[in-house]
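K.L.:
Structure provided below as structure tokens; questions to follow.
Every read-out reported here was derived from the displayed coordinates using simple, explicitly stated rules and does not represent laboratory data. Values in this document were obtained by computation on a predicted structure and should not be read as measured data. Neighbour counts are summed over all protein chains in view; Cβ atoms, including those assigned to glycine, are modelled from backbone coordinates with ideal geometry.
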Amino acid sequence: MFDRFGTLMYIPNEKSKVRSFPLSTRTAVGVGMVAIGVVAFVSGLGLAAFLGGELPGKATVVAENDRLRSELENAEGEIATLGQTLETLLDREEELRLAADLPPVPLEVQAVGVGGPGHTPFDGTGLGDAQLHNRVASMTTSLDVLLRRSELVANSFEDVKKSIASNRERFEATPSIWPASGFLSSSYSMRRRHPIFHDVRPHFGIDISANRGNPILATAAGRVVRAGWQNGHGNQVEIEHGHGILTKYSHASKVLVKPGQKVKRGDTIALVGSTGYAIAPHVHYEVHENGDPVDPLKYIFPDAIAD
């Protein structure tokens, strides 16, 4: 039997008589349960109103699945387009590697960018739609392949970029033009009779006869390492081009550059003259590879003056 819980006092207004009602524990518990039920009911009504008056049903789920299917179809189309674009880039990548004088990507490396782990078809058990599950899994595999192949292409393009930059730097530093506009009056030779001393000695360069004051051009990009008077050569300019290549320009009437100055192919570095041991205006031009003189004609492109 429940014990006495307490007394409920009711005061209608300040002038009315106070009324009191004894409460047992059973009565208090009953009143509390009713209050909780009312609160729960009201809360349920509020939630239903928030959700639009009804809970999601089968029709809502079906509509959502239809929306997801439509988005999947769009995504699958975009993945297919990306795959076609990547194939075009792969074909272009082979051509670029050939142009950059790089070997093809090894087959074992190419294999990393194709294939994939695949996916296990959904067996229809548990929650979800089997067809949707399989399509999502297939898309995941396709994306994985695309990512790996795109990384392969990106790395290959970076190699091509570096190779082309290196080749371009080497080309810019390679003597490839005539140092002056004129005609070849003496060739490279290990035995040539000197026009002044009349003895036989090596001629480690070529002579280009030209009008006095004509420009003498740098035959490649480089850095001036010497500019001034040299016994026998008169006014001379020496340019270091890197890669072990050095060029010399002698008998100038005037030098227009200074040591340490950087020049490009085709820059005017001096003017034609006949200083030093020379009997007429001309340019004595030498090319040295790793300290040894070589025939400059092996570097000159036919009919080339400047870029």
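K.L.:
How would ILE208, ILE79, ILE279 line up from fewest to most surrounding beta-carbon atoms within 10 angstrom? Could you put the intermediate results ahead of the total?
P.N.:
On the way: ILE208 24, ILE79 15, ILE279 8.
Ascending number of Cβ neighbours within 10 Å: ILE279, ILE79, ILE208.
K.L.:
Between ASN290 and ASP159, what length in nm is gained on full extension when 0.36 nm per residue of separation is reduced by their alpha carbon distance?
P.N.:
Values: separation 131, 0.36 × 131 = 47.16 nm, distance 2.80 nm.
Gain on stretching ASN290 to ASP159: 44.4 nm.
K.L.:
Please work out how much length the chain gains when fully extended from GLN230 to SER189, using 0.36 nm per residue of separation minus the C-alpha to C-alpha distance, in nm with one decimal. Walk me through the numbers before you get to the answer.
P.N.:
Values: separation 41, 0.36 × 41 = 14.76 nm, distance 2.14 nm.
Gain on stretching GLN230 to SER189: 12.6 nm.
K.L.:
Another question about this same structure. Test of understanding: ordering THR85, THR219 by Cβ neighbours within 10 Å, fewest first, what list do you get? Don't jump to the answer; show the numbers that get you there.
P.N.:
On the way: THR85 12, THR219 30.
Neighbour counts put them in this order, fewest first: THR85, THR219.
K.L.:
Counting Lys and Arg as +1 and Asp and Glu as -1, what is the net charge of the other residues whose Cβ lies under 13 Å from the Cβ of LEU90? Walk me through the numbers on the way to the answer.
P.N.:
Details: positive: ARG92, ARG97, ARG148, ARG149; negative: GLU87, ASP91, GLU93, GLU94, GLU95, GLU151.
Taking every Cβ under 13 Å from that of LEU90, the sum is -2.
K.L.:
For HIS203, what residues show an amide H to amide H distance below 5 Å, using hydrogens built from the backbone and excluding near sequence neighbours?
P.N.:
For HIS203, the qualifying residues are SER189, MET190, ARG191, ARG192.
K.L.:
Next question, about the same structure. So if I restrict to the alpha-carbon atoms in the stretch 183-298, what is the Rg, and what is Dmax, the biggest pairwise distance, in Å?
P.N.:
13.2, 38
K.L.:
How would VAL287, VAL145 line up from fewest to most surrounding beta-carbon atoms within 10 angstrom? Before the final figure, lay out the partial values.
P.N.:
Details: VAL287 26, VAL145 18.
With the fewest neighbours first, VAL287, VAL145 line up as VAL145, VAL287.
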